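Okay, structure first, notes after.
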Amino acid sequence: MFETLPAPKLDAIIALMQAFAQDSRPDKVDLGVGVYRNAQGRTPVMRAVKAAEAQILESQDSKSYLALAGDAAFLEGMENLLLGGTVPGARVAAVGTPGGTAAVRQVCELIKLARPEAVIWVSAQTWPNHLPLIAATGLQARPYRYLDSSCGGLDRAGYFEDLAQVGAGDVVLLHGCCHNPTGVDLTLQDWAETAALLERRGAVPFVDMAYQGFGAGLDADAAGLRHLAAHLPEVLVAASCSKNFGLYRERVGVAMAIVPEGRRATLAAILAGLNRTSFAFPPDHGGRIVSTILANSALRQMWLSELEEMRARVTGNRRALADAIRAETGSDSFGFIAAQQGMFSLLPLDGAEVEHLRAAHGIYILGDGRANMAGLNDAGIAATARALGAVMRNR
Ligand code: LMR
């Protein structure tokens, strides 16, 4: 049965994780997978998470099944975090999923069910797993222009020109904040124009929110999504708690359809049915940690300050790296790093230069130049600036 199956091409992020793990150099620098690291290079369990886990351990008296949608308190907490009360709960159908990845997949399955011929418009630079997920669902994707690499900002003209081609019933996948991999986010004005354009075209936005709290702050990062939800009849959302709660391996996510009130119950039932045929019940532990933190004011405060600490550290890393490269090269051509936000920036390097960084300097970034700013510490900043200086002098 399996004799002719070819070995699959490994996902670029996973392949880089494996290569990094096999590298024995003690001063290697991991700027690959999107994981936050502190000054010591560790990804600690957040204090609020530890405290919530202690409470759960003490009080939980059953591990029996819950609903297919997952725990209601978790879903309500996530709805508040994402939408901040901008739309009535009677418009929101949501289910828990194993991580943000499964949330993206479940939303794609929902689109496939409703409109198998829909085109999913995806920013030309995007998370390496978006296109495979869309293809695995059997949907077709088309790119829209996004990054203006000459300035490290949004290619606003290209973006709106491409989205003006979107057809009625098509879906536009947008990064809620901290665009992965470019670090370039839409302004509130861009979001408002996007909402108006999608309304005119009869298209549906699909917001992937994986980094809420890492950009401009918890509420500011959700402002675009909230604007869409308040102004459009239908909005799809996939959200992850991997980064902002540091719950990576617990797999905590939410798939959401914001719809007119009369459709909510049906959409909730469909999403629950999609869970049933994929994994049945979503994992509970991570979601329970989130709902425990959100419902307890002391834990919530602790979590907010830890999240703010992480956000400030990533912003600081960006500034420090941009300064160090400027000092090393005498040029401001990497100054965009400090202006962008979230974990990632796309460094303007070709494949051979990326490979040289890895082979000669032990610095791991993705083949397209994506570097994780949340993976840096002082030693990593100095090493990365030195290596980039050497690359630039060799051009
Ligand atoms: C990333 O982009 O590196 C993260 O979102 C981790 C992942 O699952 O790819």
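Read-outs throughout are calculated quantities, based only on the coordinates presented, and are distinct from any laboratory measurement. Every value quoted in this text rests on a predicted model; they were computed, and no experiment measured them. When we count neighbours, we look across all protein chains shown, and the Cβ atoms used for this are built from the backbone with ideal geometry, even at glycine.
Listing for the model above:
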read-out	value
Least to most buried among T266, T182, T137 (fewest other Cβ within 10 Å first)	T266, T137, T182
Simple spin-label estimate for A339 and A230 in nanometres, 7 Å along Cα-Cβ	2.8 nm
P(r) histogram, all alpha-carbon pairs of region 65-295 included - 10 Å bins from 0, percent	8, 36, 39, 15, 2, 0
Anisotropy class of region 1-115 from Cα gyration tensor, a/c 1.5 cut	oblate
Three-way shape call for region 296-374 based on the alpha-carbon gyration tensor, with the a/c threshold at 1.5	prolate
Contour minus Cα-Cα distance for A295 and K50 (0.36 nm per residue)	86.7 nm
Beta bridge orientation in the chain: antiparallel %, DSSP, nearest 5	45 percent
Simple spin-label estimate for K63 and A135 in nanometres, 7 Å along Cα-Cβ	3.8 nm
Centroid-to-centroid separation of region 159-214 and region 360-377 [C-alpha atoms, Å]	27 Å
R370 long-range amide H proximity, modeled H, under 5 Å	L347
Amide N proximity, region 344-372 versus R249 label position 7 Å along Cα-to-Cβ, cut-off under 13 Å	none
Gyration tensor verdict on region 355-395 (Cα atoms; rounded if a/c is under 1.5, prolate if a/b is larger than b/c, oblate otherwise)	oblate
Percent of alpha-carbon pairs separated by more than 21 Å within region 249-395	61 percent
Selected from P26, P282, P116 as most flexible by GNM, with the chain as the system and alpha-carbon contacts under 10 Å	P26
Calculated FRET value between A382 and D350, using beta carbons and R₀ = 22 Å, to 0.05	0.40
For the chain: relative contact order, % (alpha-carbon pairs under 8 angstrom, 6 or more apart)	26 percent
Calculated from backbone phi, Karplus (6.51, -1.76, 1.60) coupling profile of region 64-77 in Hz, x at Gly/Pro	5, 4, 10, 6, 4, 7, x, 6, 4, 5, 5, 5, 5, x
Taking region 167-274 and dividing mean pair separation by its residue count, relative contact order in percent (alpha carbons under 8 Å, at least six apart)	24 percent
P(r), alpha carbons of the chain - 20 Å bins starting at zero, rounded %	27, 58, 15, 0
Exposure proxy order (Cβ contacts within 10 Å, fewest to most) of I258, I56, I363	I56, I363, I258
Table column - 3J(HN,Hα) (Hz), region 143-156, Karplus curve with 6.51, -1.76, 1.60, x for Gly and Pro	x, 10, 5, 9, 7, 9, 6, 6, 10, x, x, 6, 7, 4
Inter-label distance, nm, simple model (7 Å from Cα along the C-beta direction), V33/S331	3.4 nm
For the chain, calculated [θ]222 nm from helices alone, where every DSSP H run of n ≥ 4 adds -39500 (n - 2.57)	-14500 deg cm²/dmol
Nonlocal amide H pairs with F206, under 5 Å, H built at 1.01 Å	V172, L173, L174, L236
